[in-house]
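Enquirer: Quick one: structure below, then a few questions.
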Amino acid sequence: MYMVSAGVVLALSATACGTSQEGGGESTDGSGGERVYVTNWKSSTISSYSLNPDGSLKDSVKSTPAGKDSKNPQGSVRSPDGTWLYVADWGSGSVTGYKIGDDGGLTDPVTVAGASPKPVTPSSIAITPDGEHLYTANFSNGAAGTVSHFKTSQSGAPQAVSTIPAHGRGTTGVAVSPDGRTLITTNSESGDVSSFAVQEDGSLTWVMTVATGRGAFFPAISPKNNYVVVTNAKDNTLSLLRLEASSRLNLVNSVRSQGTEPRGIVLNKSGDVGYVAHFNHATNPGSVGIVHATEDGVETVGKKLDTGSNGTEGIALAHDGKTLYAANFNKNGKGSVTSFPVSPDGTLGDHTDPVLTGGRQPDLASITVPRIH
């Protein structure tokens, strides 16, 4: 089961980061137990949480410094077997792999610079379903964006392969389809979405770029690989595009989001319900909105729900679909994560009090949840 997360990188062993995403629940791979990981961009640390029986985060948090050669960890994703956490390092233009111990501890960081041309400000990261290939979306400080390809070695450590143009400016989000055949990037400065065909060796072939709206920020791909939902942060809209088997995209519709600055997005395991994080300029109250999606379009449902903190950006869904996690950037204060119980119909119950990360500014795609196989 593969998941999609966006916005702050909540490492509930998910993605992102780009496909339909869940997390939480009990990990059955024997690695890391019930651990949720959250990257803290400003403080260069990674927070680790245990889970309560209801799926919410426990108040106690363990903080691990980023590897000595890495800086400003941002996007994160967990290997399919649950033994590695891979992090896109905004400040050092690299990817760092951390081994995950049986107790959930992160050890033995391996930091690898992206292939030339050197990636600048990588913001998010995605992994193929077989765990053999990693890709980072490189913001490039708002200039022409790039995508970096890394392979995973037999031991699991990342190895740089190539860096290619993203065919858009300010690339922020990246997602790999659950069938592993398509990679999608969102290019926030040019307001468009690029699609790439993934070849058998993991290399990428650009297919097309489609305009969606100003600030195209993060993509979520449906579990059936037939559509993509994108947040457009500067336009305050959401767009749905049909995804063809050829990796071609067709824009279906765009709608207004319930809140200001939609950034992170995650779809449930059926792909018909999604959750959107509203950043609200980083210093104002953050919120979460619910959407319904089919290949015929996306629509918002009800009003936004406050998270109890400011600048909500990262978002992830537990594998069992019963808990939603939202990371709060909170520019002028302490970073935190809010948990919402999810009803069988996809509605959200009252959230928990935000739990501090022990760090500053958990950013895009920062949450990773435990995988269930």
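The values are calculated or read from the model by the stated rules, or taken from the named source; none is laboratory data. In this text the structure is predicted, and so the values were computed from the model without any measurement. Don't worry about glycine lacking a Cβ; one is built from the backbone with ideal geometry, like all the others, and counts go over all protein chains shown. Protein only, heavy atoms only, side chains kept; ligands, DNA and RNA dropped before computing areas. Shrake-Rupley method; radii C 1.70, N 1.55, O 1.52, S 1.80 Å.
Enquirer: Looking at segment 344-359, can you tell me whether even one residue there is under 21 Å from Pro219 (Cβ atoms), in a strand (DSSP E or B) and modelled with pLDDT of 95 or more?
Expert: No.
Enquirer: Select from segment 94-117 the residues that are out of contact with any Ser or Thr (no Cβ under 7 Å at 6 or more places or on another chain) and in a loop (DSSP other than H, G, I, E, B) and write down the one among them that is most open to solvent (accessible area, probe 1.4 Å).
Expert: Only one residue fits best here, namely Asp103.
Enquirer: Just one of Asp320, Asp345 is among the acidic types (Asp, Glu), within 20 Å of the chain's Cα centre (by Cα) and open to solvent by 10 Å² or more (accessible area, probe 1.4 Å); which is it?
Expert: Asp320
Enquirer: Pick from Asp59, Asp81: which is among the charged types (D, E, K, R), assigned to a loop (DSSP other than H, G, I, E, B), at negative phi and open to solvent by 20 Å² or more (accessible area, probe 1.4 Å)?
Expert: Asp81
Enquirer: Report whether or not Asp69 is surrounded by fewer than 24 Cβ atoms within 10 Å (Cβ to Cβ), in a strand (DSSP E or B) and out of contact with any Lys or Arg (no Cβ under 8 Å at 6 or more places or on another chain).
Expert: For Asp69, the condition - surrounded by fewer than 24 Cβ atoms within 10 Å (Cβ to Cβ), in a strand (DSSP E or B) and out of contact with any Lys or Arg (no Cβ under 8 Å at 6 or more places or on another chain) - is not met.
Enquirer: Select, from Glu295, Glu299, Glu313, the only residue that is more than 21 Å from Pro178 (Cβ to Cβ) and open to solvent by 50 Å² or more (accessible area, probe 1.4 Å).
Expert: Criteria check complete, one pass: Glu299.
Enquirer: Examine segment 173-182 for a residue that is surrounded by fewer than 17 Cβ atoms within 10 Å (Cβ to Cβ), under 18 Å from the mean Cα position of the chain (by Cα) and either among the acidic types (Asp, Glu) or at pLDDT below 95 (or both), and state whether such a residue exists.
Expert: There is at least one residue in segment 173-182 that is surrounded by fewer than 17 Cβ atoms within 10 Å (Cβ to Cβ), under 18 Å from the mean Cα position of the chain (by Cα) and either among the acidic types (Asp, Glu) or at pLDDT below 95 (or both).
Enquirer: Filter segment 118-127 for residues that are open to solvent by 10 Å² or more (accessible area, probe 1.4 Å) and either part of a loop (DSSP other than H, G, I, E, B) or out of contact with any Cys (no Cβ under 9 Å at 6 or more places or on another chain) (or both); which is farthest from Ile164 (Cα to Cα)?
Expert: Among those that are open to solvent by 10 Å² or more (accessible area, probe 1.4 Å) and either part of a loop (DSSP other than H, G, I, E, B) or out of contact with any Cys (no Cβ under 9 Å at 6 or more places or on another chain) (or both), it is Thr121.
Enquirer: What are the residues in segment 130-164 that are open to solvent by 10 Å² or more (accessible area, probe 1.4 Å) and within 10 Å of Pro119 (Cβ to Cβ), if any?
Expert: Phe139, Ser140, Thr146, Ala160, Thr163 - these are the residues of segment 130-164 that are open to solvent by 10 Å² or more (accessible area, probe 1.4 Å) and within 10 Å of Pro119 (Cβ to Cβ).
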